[in-house]
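Here is the structure we will look at.
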Protein chains: 2
Amino acid sequence: MNNFEYCCPTHVVFGKGTISRLPELIDKNKKVLMIYGGGSIKKNGVYDQVKKALEGYNLIEFGGIEPNPKYETCKKAIDLIKNEGADFLLSVGGGSTLDATKFISLAAKYQGDDAYDAIMVRGETVGDAIALGDVITLPATGSEMNNGGVISRLATDEKLPFHSDLVYPKFSIIDPEVTYSLPTRQTINGIVDTFVHVMEQYCTYDVNSPLQDGWALTILKTLTEEAPRVLANPTDYDTRANIFWCATCGLNYWIAPGVVQDWSTHMIGHELTAFYGIDHGQSLAIVMPRLLKNQKVSKAKKLAKLAREVFGANEPVDLKAADIAIEKIEEFFNSIGMKTRLADYGIDSHEAAQKIKERFMKRNVALGEKGTITADTAYDIIIEC
Amino acid sequence: MNNFEYCCPTHVVFGKGTISRLPELIDKNKKVLMIYGGGSIKKNGVYDQVKKALEGYNLIEFGGIEPNPKYETCKKAIDLIKNEGADFLLSVGGGSTLDATKFISLAAKYQGDDAYDAIMVRGETVGDAIALGDVITLPATGSEMNNGGVISRLATDEKLPFHSDLVYPKFSIIDPEVTYSLPTRQTINGIVDTFVHVMEQYCTYDVNSPLQDGWALTILKTLTEEAPRVLANPTDYDTRANIFWCATCGLNYWIAPGVVQDWSTHMIGHELTAFYGIDHGQSLAIVMPRLLKNQKVSKAKKLAKLAREVFGANEPVDLKAADIAIEKIEEFFNSIGMKTRLADYGIDSHEAAQKIKERFMKRNVALGEKGTITADTAYDIIIEC
């Protein structure tokens with residue numbers, strides 16, 4: 001096991017009816033800016049629950065954060081904060097809304113002109129942030145218990161991640177009941193996103209970490225068991241609760257201490273979303289099977305363990321078991337209705353491969369746990385998608 | 001899954017050479033009281049490492065915390081703080097030293113006369129505590145990432161737990177190398193303590209929590225695999241690291257969100273330690289197999305899952321598989337040199353059963369996840385030990 005540090009100060013409040021707990025979690029004297037997305041929270045009752053819980057608060061609102069949240073939209077919220085003031089940000093929505101809120105909390109304190117360039121591109125440290133909390137409504141990104149986010153910039157077709165310990169949510173309210181009304185596509189996207197988060201932390205090379213590995217595989221196994229159940233019965237509480245807790249634990253780094261991580265599927269997937277606007281979960285489902293095939297030898301031991309422990313494979317030879325794992329993962333995605341080929345989304349693989357290769361060459365990219373996925377490797381992977 | 005809340009703000013710094021990181025973790029302006037145990041840290045080099053790391057700090061010391069730390073000893077440290085002042089407590093040692101430090105941090109702020117009676121017996125809330133951190137040197141109690149402790153009082157043969165969010169360590173430094181020199185008895189005690197911590201959180205009744213259950217079983221499986229390795233090769237870093245991380249995760253509540261907990265083995269075991277002075281790990285190893293037999297029907301589903309997933313049992317009938325689990329657990333304890341009968345420690349089971357029954361009757365005790373373990377049940381369990 002490698003040396004590691006871990007600290008997540010977020011207070012998680014999980015379960016039925018927990019939105020009403022908001023007044024215990026936000027100081028009555030704070031001016032609260034509630035940030036939300038495209039309006040689904042107004043249809044499913046979450047908006048009303050939040051407004052009711054925060055009666056008597058000095059509350060302003062900013063709606064309209066889009067999936068794959070845009071810097072251009074965040075800037076409007078930052079302007080609102082600069083004009084009207086706010087000393088607590090409350091994200092109400094999915095991971096996109098929360099990622100945007102995290103970025104806004106930092107960028108509102110940034111003194112220069114171009115916060116995207118500073119925080120996302122140049123990785124500049126911003127020393128202060130507005131405190132934030134969230135009511136998270138989509139099991140997917142795990143943003144509710146980590147210090148990161150991903151923000152896109154329309155002007156340049158960019159989609160980049162950032163991290164800062166200042167953006168850990170003070171609290172995250174997770175009420176699985178609010179996911180009963182999710183469109184199937186979002187439920188599936190979230191399951192795939194969670195699955196791939198776990199893979200990025202698990203599926204590298206062995207550093208003798210049986211506890212972390214077993215925990216990662218338990219999340220994957222739970223997802224494969226709960227996914228068909230949620231599609232058959234979207235309003236079963238336990239199923240929704242298990243999927244949500246898998247999503248949170250998929251990226252709160254409880255499976256990550258001391259292990260080697262990858263994240264190349266995400267970095268390549270982000271480019272597909274940036275260029276073609278496909279959903280984040282879709283981009284991951286397309287890239288991962290081909291990336292795993294490309295990196296099979298290096299990842300064979302972990303893939304083989306996955307094949308045996310998650311999919312019950314009896315194959316004793318690691319490289320053969322690795323093949324089974326890759327097949328079974330793609331089969332699992334397809335079985336829940338997630339398409340895994342660029343052609344399924346009307347995207348030409350040659351064009352996509354070329355575009356991503358060019359961008360990665362410019363950035364001099366070397367992805368993967370061993371830094372071996374260069375622009376050329378990414379081309380080889382995408383061309384097979 | 002039940003509703004739950006989770007928040008652990010402790011900053012964990014894990015790995016080789018991490019004691020030297022102390023100056024990053026404690027403010028230079030703090031007056032630090034270093035609290036330690038019986039002096040093993042002076043033999044194994046930990047004391048010197050800490051002193052070197054904290055050169056230039058205003059540092060005072062209090063040594064002599066014993067296993068099953070005593071209120072009487074803690075009072076001396078509290079008097080020292082009242083006389084000399086201290087605004088940061090650094091625990092250097094095992095879980096006993098850390099539990100004592102947690103208690104001292106609260107009790108030093110308590111205004112009344114009898115802090116034990118207030119905090120432990122009457123459960124009074126103390127609103128303030130001195131900040132604390134630790135260098136934890138024994139994988140066992142998990143105290144390094146939770147808000148609890150257990151303190152005994154010699155005068156009354158009592159051993160009671162307490163909890164307060166104010167006593168979460170600000171940081172915990174875990175360097176598995178410092179455990180190379182542990183006496184075998186302490187290594188074994190720690191493994192059993194961790195095993196039973198996990199059992200207390202896992203082995204109750206099913207609330208549809210596959211992720212938490214799988215994680216609990218992964219810790220148990222890892223312990224059964226690593227235990228013989230550490231006995232064969234006490235200075236293998238990875239083995240020591242895996243055992244330490246199991247111990248921390250055994251009681252940082254990462255396996256506990258939303259599940260039902262038991263803790264009756266601990267509560268009965270505490271009495272054995274209070275009356276007869278046996279090690280905490282020993283007390284658990286004696287009580288648990290008999291308690292599980294007594295509660296077998298109620299715990300059958302979880303025991304059966306454990307038998308199959310940890311010990312590879314093929315028995316399809318839950319009650320029969322539960323028997324296998326109980327047998328295998330005791331076999332595992334015995335296999336690593338832990339004796340599991342009162343007679344092995346020269347304790348008369350009739351006397352012990354009678355003493356504990358009387359005390360539990362006075363306290364009107366109803367232990368276990370369903371509150372069904374009364375004074376009479378405890379008698380029935382101890383008599384079989």
Inset, instruction - Sort out which residues of the range B:349-369 are over 18 Å from B:Ala285 (Cβ atoms) and over 24 Å from the mean Cα position of the chain (by Cα), and write them in order of number. - result: B:His350, B:Glu351, B:Gln354, B:Glu358, B:Met361, B:Lys362, B:Asn364
Inset, instruction - Can you confirm whether the range A:324-332 contains a residue that is part of a loop (DSSP other than H, G, I, E, B) and open to solvent by less than 30 Å² (accessible area, probe 1.4 Å)? - result: no
Inset, instruction - Check B:Lys31 against each of (1) within 27 Å of A:Cys7 (Cβ to Cβ); (2) within 23 Å of the chain's Cα centre (by Cα) and name the one condition it does not meet. - result: (2)
Legend entry - Boolean, A:Gly269 is in a helix (DSSP H, G or I), at pLDDT 95 or above and of a type in the set (Gly, Ala, Ser): yes
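Could you check how many residues of the range B:197-213 are within 10 Å of chain A (Cβ to nearest Cβ), in contact (Cβ under 8 Å) with a residue 40 or more places away in the chain and at negative phi?
4
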Legend entry - Selection status of B:Ser181, in contact (Cβ under 8 Å) with a residue 24 or more places away in the chain and open to solvent by less than 30 Å² (accessible area, probe 1.4 Å): no
Inset, instruction - Answer with yes or no whether B:Ile286 is within 20 Å of B:Ile191 (Cβ to Cβ), touching a residue at least 60 places away in the same chain (Cβ under 8 Å) and not charged (D, E, K, R). - result: yes
Legend entry - Top-ranked residue of the range B:333-350 - restricted to ones that are assigned to a helix (DSSP H, G or I) and touching a helix residue (DSSP H, G or I) at 6+ places or on another chain (Cβ under 7 Å), ranked as surrounded by the fewest Cβ atoms within 10 Å (Cβ to Cβ): B:His350
Legend entry - Residue under evaluation A:Ala313, criteria (1) of a type outside the set (Phe, Trp, Tyr); (2) open to solvent by less than 20 Å² (accessible area, probe 1.4 Å); (3) assigned to a helix (DSSP H, G or I), criterion not met: (3)
Inset, instruction - Inspect all residues belonging to the range A:351-365 and state whether any of them is closer than 20 Å to A:Asp213 by Cβ, hydrophobic (A, V, I, L, M, F, W, C) and open to solvent by less than 30 Å² (accessible area, probe 1.4 Å). - result: no
Inset, instruction - Return the residue satisfying two criteria in turn: it lies in the range A:188-219 and is open to solvent by 10 Å² or more (accessible area, probe 1.4 Å) and among the hydroxyl-bearing types (Ser, Thr, Tyr), and of such residues it is nearest to the chain's Cα centre (by Cα). - result: A:Thr218
Inset, instruction - Check off (1) within 14 Å of another protein chain (Cβ to nearest Cβ); (2) touching a helix residue (DSSP H, G or I) at 6+ places or on another chain (Cβ under 9 Å); (3) open to solvent by 30 Å² or more (accessible area, probe 1.4 Å) for A:Leu154 and give me the number that stays unchecked. - result: (1)
Inset, instruction - Name, by its number, the condition in (1) closer than 24 Å to B:Ile188 by Cβ; (2) among the hydrophobic types (A, V, I, L, M, F, W, C); (3) out of contact with any Leu (no Cβ under 6 Å at 6 or more places or on another chain); (4) without any contact (Cβ under 8 Å) to a residue 60 or more places away in the chain that does not hold for B:Val317. - result: (1)
Inset, instruction - Among the residues of the range B:220-275, write down those that are more than 18 Å from B:Phe333 (Cβ to Cβ), free of Cβ contacts under 8 Å to residues at least 40 places away in the same chain and over 18 Å from the mean Cα position of the chain (by Cα). - result: B:Asn233, B:Asp236, B:Asp238, B:Thr239
Inset, instruction - Out of A:Ala241, A:Ala227, A:Ala304, report the one residue that is away from chain B (no Cβ under 14 Å) and part of a helix (DSSP H, G or I). - result: A:Ala304
Legend entry - the range B:230-243: number of residues that are surrounded by 21 or more Cβ atoms within 10 Å (Cβ to Cβ) and out of contact with any Ser or Thr (no Cβ under 9 Å at 6 or more places or on another chain): 1
Legend entry - Qualifying residues in the range A:244-272 (those that are open to solvent by 10 Å² or more (accessible area, probe 1.4 Å) and among the β-branched types (Val, Ile, Thr)) - the one farthest from the other protein chains (Cβ to nearest Cβ): A:Val260
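Of the residues that make up the range A:220-229, is at least one open to solvent by less than 10 Å² (accessible area, probe 1.4 Å), at positive phi and in contact with a Gly (Cβ under 9 Å, 6 or more places away or on another chain)?
Filtering the range A:220-229 for residues open to solvent by less than 10 Å² (accessible area, probe 1.4 Å) gives A:220, A:222-223, A:226-227.
Remaining after also requiring at positive phi: none.
No, the range A:220-229 has no match at all.
Going through the range A:100-139 one residue at a time, which ones are of a type in the set (Gly, Ala, Ser) and open to solvent by less than 10 Å² (accessible area, probe 1.4 Å)? Walk me through how you get there before you give the answer.
Just the residues of the range A:100-139 that are of a type in the set (Gly, Ala, Ser), to begin with: A:100, A:105, A:107-108, A:112, A:115, A:118, A:123, A:127, A:129, A:131, A:133.
Result: A:Ala100, A:Ser105, A:Ala107, A:Ala115, A:Ala118, A:Gly133.
The values are calculated or read from the model by the stated rules, or taken from the named source; none is laboratory data. As the structure is a computational prediction, the values presented were derived from the model and not from experiment. Using ideal geometry, Cβ is built from the backbone for each residue, glycine included, and neighbour counts are taken over all protein chains shown. What goes into the accessible areas is simple: the full protein's heavy atoms, side chains included, and nothing from ligands, DNA or RNA. Shrake-Rupley method; radii C 1.70, N 1.55, O 1.52, S 1.80 Å.
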